[in-house]
Structure formats: structure tokens, C-alpha cells
Amino acid sequence: AQSVAQPEDQVNVAEGNPLTVKCTYSVSGNPYLFWYVQYPNRGLQFLLKYITGDNLVKGSYGFEAEFNKSQTSFHLKKPSALVSDSALYFCAVRDIKSGNTGKLIFGQGTTLQVKP
Amino acid sequence: DTAVSQTPKYLVTQMGNDKSIKCEQNLGHDTMYWYKQDSKKFLKIMFSYNNKELIINETVPNRFSPKSPDKAHLNLHINSLELGDSAVYFCASSRQGNPNQPQHFGDGTRLSIL
């Protein structure tokens, strides 16, 4: 079965420091991976995706993610965290078994807390 | 301009009632989705429509019935509401043809069952 895991419920980082939010996946075949962010009382917003090509993917708001096939990971990173980055982050994998429906399987989410 | 809009934003009602949530997108997308986010923030897809045709129907009680009058609208009707239905329901949309296109989410409908 395809799945995605976010091993940390919460990540705390000081403003200006680099941040990493971890994600590991389990799929049969090529993975199609996504990161979304959810601010309080808002819907999810797309940050970036990996489909194929360069393992380092750049996205919105200065975020990037590194696809690592050998470690089956797709960690989200940012060189310098901002207080405004504090939010709930979701990693997701496209469910290939559902064909071209676009169905996503989400991780359990990681709360990022950036302190001033 | 709001891309994916849901109404109402908050819905508080009694157990056993029937209620509807409406969703509209002005992005010209062909595919729309309903998700449920529980109290632990876990997010799970419920339904998806592509050009008014149902393409995803997860294991959801048949008290939940989606309806898509046109490709810009996807409504969710819930019969005989139960306490466990309390959650945030999100509508989303994406472009047809490429399943790797990002999904655009509404801001959610917070359903509370008394």
C-alpha cells in the first residue's frame, strides 16, 4: 500500500535558523510527491512538487525539498525560517493505483513553530 | 477574488439533521474534490468529480451524497448527521488532464454536531 509518513508532530526552530520538516514515503513505482501548507483557519496551499528530474525542487515562499530515492525521503527545507512560516505542513503522495484521478494520500501533518 | 469558495464557513446543528455544504470554483478547473479533516488534523479524501462525473468514492457512509450540477460546483449533502461527522470539510479543485497538477483548496466548512 502506498503511504507517506511525517515522523515529527511538531518542529520548533528559532527565526533565522534553517528548518527541516521530514517526510518519508512508500510507493510501488515512481513517486509523485507534494508539500502543502495550512495556516490557521485556512485551506491547504500548494508549496512544491517532485515529479521527475532534479532532486532539489524549489517552491513558494523560499521553500525547497530534496528528493532522496535511496532513503525514500522528501524533506522540506528552508535556509532561514520566518515567524510567518509557523503553520501546519503536509506531505502527500499521489495514489498511482487510482489512475489519473489525482487522488492524494496525505501524511499526518507537522506543526512548524518558529520563535522570534 | 476567491478561487475556491465554500459556504457556510461554520455550521452548527443538531444530531439527526440534514445539511448541505456548497462549493464553487472560478479557476476553470474540471476536477473537484471533498476532503474531511478530523480533530487531529488528519486529512482524507471523500469524493472527486471530473466534469460532473464521480471518479473517486472512498469508503464514506451513504449518508454523504455529493452532487455536481456543473463542473464549477460540487456540493455535499449529509443526511442524519451524527456526532462523528464533526470535522472540517474542505473542497478543492484541479486542472483536468494532468493528475500531478496542484490542488487548490477552499478555506473549509467547520461542522459541529450538538
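The values are calculated or read from the model by the stated rules, or taken from the named source; none is laboratory data. Bear in mind the structure is a predicted one, so any value in this text is a computation, not a measurement. All Cβ positions, glycine included, derive from the backbone under ideal geometry; neighbour counts span all protein chains shown. Side chains are part of the model used for accessible areas, which takes the heavy atoms of the whole protein and leaves out ligands, DNA and RNA. Shrake-Rupley method; radii C 1.70, N 1.55, O 1.52, S 1.80 Å.
At-a-glance table
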quantity: Beta bridges per DSSP with both ends in the range A:3-115, % antiparallel, nearest 5; calculated: 85 percent
quantity: Over chain A, equivalent-ellipsoid semi-axes from the Cα gyration tensor in Å; calculated: 24, 15, 12
quantity: Given charges at beta-carbon only (K, R positive; D, E negative), |dipole| of the range B:4-113 in Debye; calculated: 160 debye
quantity: The protein assembly as shown - accessible surface per residue (Å², probe 1.4 Å); calculated: 48 Å²
quantity: Shielding score for B:89-101, defined as the mean number of other chain Cβ atoms within 10 Å; calculated: 3
quantity: Net length gained if the chain between A:SER84 and A:THR72 were fully extended (0.36 nm per residue, minus Cα distance); calculated: 1.4 nm
quantity: Centroid-to-centroid separation of the range B:96-114 and the range A:61-106 [C-alpha atoms, Å]; calculated: 17 Å
quantity: Selected from A:PRO40, A:PRO31, A:PRO18 as most flexible by GNM, with chain A as the system and alpha-carbon contacts under 10 Å; calculated: A:PRO40
quantity: Residues in the range A:41-64 that, when all protein chains are in place, have 50 Å² or more less accessible area than the chain alone would give (probe 1.4 Å); calculated: A:ASN41, A:LEU44
quantity: For the protein assembly as shown, with +1 on Lys and Arg beta carbons and -1 on Asp and Glu, the positive-most of B:SER48, A:LEU48, A:SER80 along the dipole; calculated: B:SER48
quantity: Rg over Rh, two decimals, the protein assembly as shown (C-alpha only, Kirkwood Rh); calculated: 0.97
quantity: Peptide A:89-96, shielding by other chains (average Cβ, 10 Å cutoff); calculated: 1
quantity: Within 10 Å of each Cβ in B:35-47, the average number of Cβ atoms from other chains; calculated: 4
quantity: Accessible surface buried upon A-B contact (total; probe 1.4 Å; Å², nearest 100); calculated: 1900 Å²
quantity: With every protein chain in place, the protein assembly as shown: carbon and sulfur % of accessible area (1.4 Å); calculated: 48 percent
quantity: Alpha-carbon centroids, the range A:5-25 and the range B:1-70: separation in whole Å; calculated: 30 Å
quantity: Charged-residue dipole, Cβ positions (Lys, Arg, Asp, Glu), chain A about Cα centre, Debye nearest 20; calculated: 240 debye
